[in-house]
Structure formats: structure tokens, C-alpha cells
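Have a look at the structure below, then the notes.
The values are calculated or read from the model by the stated rules, or taken from the named source; none is laboratory data. The shown structure was predicted, so the numbers you read here are calculated from the model rather than taken from an experiment. With ideal geometry, Cβ positions are generated from the backbone for all residues, glycine too; neighbour counts draw on all protein chains shown.
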Amino acid sequence: MNIFVCVKQVMARDSVLRPNETGTWAVDDGVSFEMNEPDTFALEEALRLKERHGGEVVAITAGPARSASTLREALAKGADRAIHVEGNRYVESDAYATAQALAAAIRREPHDLVLTGLQSDDAGFGQTGVILAELLELPHATIIMEIDASGGQLRCKRELEAGWFQTITLPRPALLTIQSGINKVRYATLMGIKRARRKPFRRYSPDELGIGEPVHQRVRSLYQPRQSKQTEFLEGSSQEVAAKLLNKLRFEARVL
Amino acid sequence: MFEFRGVDFMEFDSLLSEEELLVRQTARQFVEDRFIPLITRHFREGTFPEELTAPIAELGFFGANLDGYGCAGLSNVEYGLVMQEMERGDTALRSFVSVQGSLSMYAVHSYGSDEQKARWLPRMQQGKAMGCFALTEPNFGSNPGGMITRAVPDGDGYVVNGEKTWITNGSVADIAVIWAKVGDSDRIQGFLVETDRPGFTAVDLHNKLSMRASTTSAVGLSNVRIPAENVLPGAKGLKAALGCLTNARLGIAWGAIGAAMACYDCARQYAILRTQFDDRPIASHQLVQAELADMITEITKAQFITLHATRLKDRGRSHHAHVSMIKRGNAAMALDVARRARDLLGANGITDEYPIFRHMCNLETVKTYEGTHNIHTLVLGSHVTGIHAFT
């Protein structure tokens, strides 16, 4: 099975972020980067499918030069090769532009399965995988918790709301977006890190893939959440006040 | 307390390659996920979490900077970063990995025959055979050349008699690197001694107040008969034994930085969260800030000098006095940071709810093992004056 896993490099989760000069993204100088956490589960799932059914795992990203290190991490964990669509435009890009870059590279190769994380830790669109499926003209399913690829088709467990699940069957090839936390992500072994250096690593510029610069979405402004304090006195009898308080805790503060 | 994300005041990471960062990430995540949740109980009970031996081996930590035999072949900088992260967890973890790789496997790798290497190194890398390194004796610590353990030629082999102590992993080892004088000469030689040979005993030393999660043993050799093929052919003279120690000592220098980082990071977070006097964080007080400023300055200095010394080693430009300098300096620095960090936590600083006191106790050992602070002072003194002052 030829499995493509889309991974994104994002700023580390506990980074101290501040808006850049244009107010459209966060300053990334001096910030450390890591693989988008939801994508680590997709990668792990791909590696497990390969261990069960054989084939190849290809890690792919659309991102600036620095995101090569995230692909290197995927190789160290066991991906067989990597593809980097390199461009600074993918730092602030919208889900469509990213999906377009990924699709242009994946389309060139045989693929049985494309996996993505459910969403990214930075922009959090949750759309890249879905748009990518449309561009590749693949059937897709989201929020996948289990994949059974033992038959010719893909039998998958999807998470719905309120503890409900759906079991669906898709033909191959297909695209699945993977729910976080469904597996225990492996560490890169030290031997794996050393082997990664010798694995195939393909770079594309957007031009090589014939991608223009479509912008469907633009960030107008980005700012720190404003802290504010508000005091409200609840009036009425003790019972009325208790009822109002309960209402507020439940529906405004959402702590109950 | 939050997840440990490292200590980097002056863009230290910008000097590290992609691979070096990945190696550190693996070690850091392993320690955070698998080791930190266990260490408090093991330190209390005086035990090592032996169930971690298999994952430690699988991830490639044993003999990680050696080439071949299934070893990862890390550079010394990469290996140093691993040691730093291990000791950020606990000195016992770093020592466990370091005695296996930098002392025992290194001795076989550097001084062993091809047969010895093929027989032992793959199994040691996989954690299926554990090693220990026995040089120190009850009456010969800083002066190992005075050792009285002897290997007397007998037929086609040797008979070994003597006593070794402070041997990390002595009782868990399958194979011991034993240093002994040959016949009635003063010539020191390294031997491989399987620990199941009759006459070999290892008794654990209990009641330690430091490195409690590390197995430390006294090793007895009473008429232990070994064949001639157990001689480590290249391990001739005290110099060979000291070569192993110089190699392992580099890991100690890095490890001490890890322990210091753990203490600093804990104290910094604590100082920001803990409030006193009008509900202000104690980090807003000048005396507390002075402590944190001193700590981060010393840690940062240690990081850069240690990285430089290790890059020299990777380029084949390292001198053993360089290693003495960073081992001595970093251990003393880390102990000082630990004591200051403990102060910032007040009474909480003495409990094992926080890692600081545990590190502080461990660092008392780090200061005096693999060459005491004072012995390294004399190494440096001798290096800069050309005059030995050991006796």
C-alpha cells in the first residue's frame, strides 16, 4: 500500500507568541517548531498500516525551508521518503493553497491512501485534508479512529458527537483525516535518526508543480486576547440568585 | 509543574544541527514520558526501574556513540545531549546508560578482540547483557594505580583475586570489566569476567543518601578462574582504564547541565507561581531574581563551554584536561544551582514532591566520582604549570 501522510510544522505548543509587524501572523523568530500534534497520530497510523500490510510511507509537507526538519523527523520515525513543497508562502497560507500544493505533488505518484491529521495546532482550519481529497478526486472521511485495511476496501471507525461512532467503508484510494490520541506515537530511535539522512528527500518549488499564487483567504488582523474583568451583582432572593448563578456557570462560564 | 522544554537563554539551539535536535528530542520525550513518572518512588525505595532497560535499548541509548554492532553511531555532541536529558531525569538514569555504554561497551569496543566485540557488543547494545566497570577498590579511589587486585597466570588462563567497590550495576551485570595487576608485577591489565563464574560475588551497597535509584555494588573476586581469551588485548596499563573514564566523564559534564536545568526550571516556575506578601509572586522580589539570574548565567556558560569541548572531541582535538575542566566545573555549578534552587522553594524544597533535593543529593556524588573535584583541580594545575602536585 502506498501511503502518503501530510504533516505540517507548527510553532511549539507552549511558545510565547506575539503578532508580527503586519499583524497577520505571529513572530516566529526565536520560537521552536515541532510537528503538528494531530499529524503525529496520522504518521503513526501510516507506519502501523505499513507494518501490517507492507508498502511505503511517504511524508509530505508544504512549508518554508525550515519545515524540512519535520520531514526529517518523519523519516527518523520510519517514513521511507519525504516530499517537500517548499515556499515561504505556505507560512500564512489558507487551507486551499496548502491542499493545492500537496495535491500537485501527490497526483504525480500512485497512492492508495492519503492521511492527514484532523486539524493544525496553529490555524486550526480542519479543512486541508477535505479540500485535498476533492482536488485529488478521492473519497474521504474525517475524524477516523480505526482503519481496517485487511480487505480490498477500507473499513473505518469515525467519531461522531456525544459518544456515538460510525463505521463506514471506503474504496481505495481514499483520504482519511485522523483523530488525535487514537494510538501511542512512537519515538524516533537513535538508529532511525541516523538512517533518515540516507532516505530519499524530494524538493519541489511551487513553480515546478505549476502552482500559481491563489489567495482565497487573507488574515486581516491578529491580536493578543484582551484581558478584562467584569463584575455583575445578582439580585433577588437567595433561591433566585442561586438559579441565576447556576445558569451563568453552566452556559456562560461553561464550568458545570 | 509544566512539561520540561529545555533551558535556552542564548540561542544555544541555533548551534545544533537538525539531527542533534532530533536526538535530544527523543531522549527528552522518553525521559519525560517514561522516567519522570517513576523516579520519585524508585528514589524513595532505593531501586532502579528495571522495566526501562528494554525501551532504553530499543531506542538506541546503549553505546549510542559507538560504531557498528547495532550501535547508533552518534557524534559526541549528540551523545552529550542524550546524557544531559537522562540526568535531567536523574543521575541514576544517566549513570545506568553511561556505565553500560561509555565504560563497559567502550572498553570492549576500544580494547577488545574481534571475537570479544562480536560476542558482547550486539547483546550489550540490545540490553540483553549488562556490563559493569570495576576499577575502584576500598583503599584505592583517587589512586587507582595502587590497586591490589591481582590476576595470576595459571595454566592457560588466570586466577583473579581482589575486591572492587562503588561499582554501578555490579549486581545486575552479566559481564564485568575488571582491572587487575598481572602476576607479581605492577602492570595493570583489563579483563572480561563473566559474573556467573565461581568466586565472583556482587553485594549491593545500601543506605546511600545520594543516587538512591542507582544500583551500586561491592564486587568480590575469590579465586575466579578465567581463560586467556578473556584478556582485553588492548587494555594495557592504567592509561587504558583512564581512557574509558575520560570518555565517560564527558557524559558526566553534560549530565550535570541536565540536573542543573531541572533544578533551575523548577525553581523558576515555582517562583512565578508562589505568592507571598500582598499576593505577589516571590519572583517579583529582587533577591529571588538575583538567584535566578546567577543560575541561568552559570548554566548558559556551562552549555557553551561544554558544547565547544565536545565539538573539539568530535574533531579529534580534545585533551583530557579539557574534559577535566568541564566535568569539574559543571558538577560544581550544578550542585550550586541545586542548593540555590532548593532555597527558593523554602520548606517545599526539602520534600521529594519536587525534583530539586533529589538532584542536590545526587550531585554530591557527581562532584566526587570519576575523578573528584580536587583531583581534577590537580589535573588542571598540572596542565597549566607543567608541574604535578598529586603527591
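For first residues located in the range B:53-72 and under 14 Å from A:ARG195 (Cβ atoms) and more than 10 Å from chain A (Cβ to nearest Cβ), partners that are of a type in the set (Lys, Arg) and not in a loop (DSSP other than H, G, I, E, B) and lie 6+ apart or on another chain with Cβ distances below 8 Å do not occur. Please indicate, with yes or no, whether at least one residue in the range A:162-175 is closer than 26 Å to A:ARG72 by Cβ, assigned by TED's automatic domain parsing to the domain that holds A:CYS6 and in contact with a strand residue (DSSP E or B) (Cβ under 9 Å, 6 or more places away or on another chain). Yes, the range A:162-175 contains at least one residue that is closer than 26 Å to A:ARG72 by Cβ, assigned by TED's automatic domain parsing to the domain that holds A:CYS6 and in contact with a strand residue (DSSP E or B) (Cβ under 9 Å, 6 or more places away or on another chain).
Being farther than 15 Å from B:ASP336 by Cβ, touching a strand residue (DSSP E or B) at 6+ places or on another chain (Cβ under 7 Å) and not β-branched (Val, Ile, Thr): is that true of B:ARG274 here?
Numbers: farther than 15 Å from B:ASP336 by Cβ: yes; touching a strand residue (DSSP E or B) at 6+ places or on another chain (Cβ under 7 Å): yes; not β-branched (Val, Ile, Thr): yes.
The answer is yes for B:ARG274.
Criterion first (surrounded by fewer than 21 Cβ atoms within 10 Å (Cβ to Cβ), modelled with pLDDT under 95 and either more than 11 Å from chain A (Cβ to nearest Cβ) or closer than 29 Å to B:ARG317 by Cα (or both)) does B:SER75 satisfy it? No, not satisfied.
Yes or no, residue by residue, for (1) crowded, with 24+ Cβ neighbours inside 10 Å; (2) under 20 Å from B:CYS244 (Cα atoms); (3) in contact (Cβ under 8 Å) with a residue 40 or more places away in the chain:
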| position | (1), (2), (3) |
| --- | --- |
| B:ARG94 | yes, yes, yes |
| B:TYR111 | no, yes, yes |
| B:PHE140 | no, yes, no |
| B:PRO144 | no, yes, yes |
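For the range A:1-57, which strands (runs of 3 or more DSSP E) that fit wholly inside it have 3 or more residues that are without any contact (Cβ under 8 Å) to a residue 40 or more places away in the chain and either more than 12 Å from the chain's Cα centre (by Cα) or buried (at least 17 other Cβ atoms within 10 Å of the Cβ) (or both)? Give the derivation first.
On the way: elements: A:2-6, A:9-11, A:33-35.
Filter on the range A:1-57 gives A:33-35.
Just a yes or no: is a residue in the range A:28-44 more than 14 Å from chain B (Cβ to nearest Cβ) and over 19 Å from A:GLY124 (Cα atoms)? No, every residue in the range A:28-44 fails to be more than 14 Å from chain B (Cβ to nearest Cβ) and over 19 Å from A:GLY124 (Cα atoms). Within the range A:106-147, being charged (D, E, K, R) and within 23 Å of A:GLY163 (Cα to Cα) holds for one residue alone: A:GLU146. Just the residues that are more than 16 Å from the chain's Cα centre (by Cα) and surrounded by 24 or more Cβ atoms within 10 Å (Cβ to Cβ), please, taken from the range B:122-137. Correct list: B:MET124, B:GLN125. Listed by first and then second residue, the pairs linking a residue in the range A:191-220 that is more than 14 Å from chain B (Cβ to nearest Cβ) to a residue that is surrounded by fewer than 18 Cβ atoms within 10 Å (Cβ to Cβ), with Cβ atoms under 6 Å apart and 6 or more places separating them unless they lie on different chains, are A:PRO200/A:ARG81; A:VAL219/A:THR24. Scanning the range B:22-33 for residues that are facing another protein chain (nearest Cβ under 7 Å) and either under 17 Å from B:GLU87 (Cα atoms) or surrounded by fewer than 23 Cβ atoms within 10 Å (Cβ to Cβ) (or both) turns up B:VAL23, B:THR26, B:GLN29, B:PHE30.
Only residues that are farther than 14 Å from B:VAL31 by Cα and either facing chain A (nearest Cβ under 10 Å) or not in a helix (DSSP H, G or I) (or both) were counted across the range B:78-93, and they come to 2.
Screening the candidates A:GLY152, A:GLY163, A:GLY124 for the property of being loosely packed, with under 15 Cβ neighbours inside 10 Å, within 19 Å of the chain's Cα centre (by Cα), without any contact (Cβ under 8 Å) to a residue 24 or more places away in the chain and away from chain B (no Cβ under 14 Å) yields one hit, A:GLY124. Take the residues in the range B:261-300 that are surrounded by fewer than 16 Cβ atoms within 10 Å (Cβ to Cβ) and of a type in the set (A, V, I, L, M); name whichever of them is farthest from B:ASP8 (Cα to Cα). In this case the residue turns out to be B:LEU287. With respect to the conditions (1) exposed (fewer than 10 other Cβ atoms within 10 Å of the Cβ); (2) of a type in the set (Gly, Ala, Ser); (3) touching a residue at least 12 places away in the same chain (Cβ under 8 Å), A:SER180 falls short on a single one, namely (1).
Evaluate the following for B:ILE167: is it assigned to a strand (DSSP E or B) and within 16 Å of B:LEU238 (Cα to Cα)? Write out each step before concluding.
On the way: assigned to a strand (DSSP E or B): yes; within 16 Å of B:LEU238 (Cα to Cα): no.
Answer is no for this residue.
Taking the criterion of being exposed (fewer than 15 other Cβ atoms within 10 Å of the Cβ) and assigned to a strand (DSSP E or B), the residues of the range B:195-224 that qualify are B:VAL203, B:ASP204, B:SER222, B:ASN223.
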